[in-house]
Every structure is written in structure tokens, then in C-alpha cells.
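No lab work stands behind these numbers, since they all come straight from the coordinates. Quick caveat, the model's predicted, so the values are computed rather than measured. Methodologically, a virtual Cβ is constructed for each residue, glycine included, from the backbone with ideal geometry; neighbour enumeration extends over all protein chains shown.
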Amino acid sequence: MQVEVRLYAGMRAYAPHLLIGQPQIIEVPAGATGKDLVRVLGIPDDVPKILVINGRKEDLLHQLKEGDRIGIFPPVGGG
């Protein structure tokens, strides 16, 4: 199935073939989760990340559906 992915900020370092903030169609197996997607993209499991799927923050175990629009962000920090 196909999902639309956008990477933001430092996440591009793990998937340099994707442009920051630009949509990219990614093929994932039916029944894939957010965790499966980040593995397909080559983002290590131990890297903190935030997934926004169709405008809602979701956890990595959220099951993806055909056509989902997914943004992957690093955690926000500041001081």
C-alpha cells in the first residue's frame, strides 16, 4: 500500500533521499505500522521521533492505511 511521507528538521539525515517537507510516496506492506514505516525509511529505532498521521499525533504502533499522510518530526527542545 502507498502512504505519503514528509520528513522535517533533523529527520532527513536518516533518509537523505527524501527532501525536507516535500511529500514522497512510500510503499509499505498492508498492515504496516508507524514503526514499520520508520524502519523502511532507515530511521533507527533509538532515534526519538514524533509521527503525525492525517493531522493527529500517533504512536509508532498505529496501523497505517492506504493514502495516509504522515509527517515525521524530531522532538521539540529548547531552553
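A few notes on this one:
- The set of residues in the stretch 61-76 that are under 16 Å from G31 (Cα atoms) and in contact with a helix residue (DSSP H, G or I) (Cβ under 6 Å, 6 or more places away or on another chain) contains only H62.
- The residue that is nearest to the chain's Cα centre (by Cα), among those in the stretch 26-50 that are part of a loop (DSSP other than H, G, I, E, B) and charged (D, E, K, R), is K49.
- Some residue of the stretch 59-79 being at negative phi, without any contact (Cβ under 8 Å) to a residue 12 or more places away in the chain and either surrounded by 11 or more Cβ atoms within 10 Å (Cβ to Cβ) or touching a Pro at 6+ places or on another chain (Cβ under 7 Å) (or both): no
- Filtered residue count, the stretch 63-79, keeping only those that are in a loop (DSSP other than H, G, I, E, B) and either farther than 15 Å from E4 by Cα or among the polar types (S, T, N, Q) (or both): 6
- Every residue from the stretch 5-25 that is in a loop (DSSP other than H, G, I, E, B) and either of a type in the set (S, T, N, Q) or surrounded by 12 or more Cβ atoms within 10 Å (Cβ to Cβ) (or both): Y8, A15, L18, L19, Q22, P23
- In the stretch 51-62, the residue that is nearest to the chain's Cα centre (by Cα) out of those that are of a type outside the set (D, E) and not in a loop (DSSP other than H, G, I, E, B) is L51.
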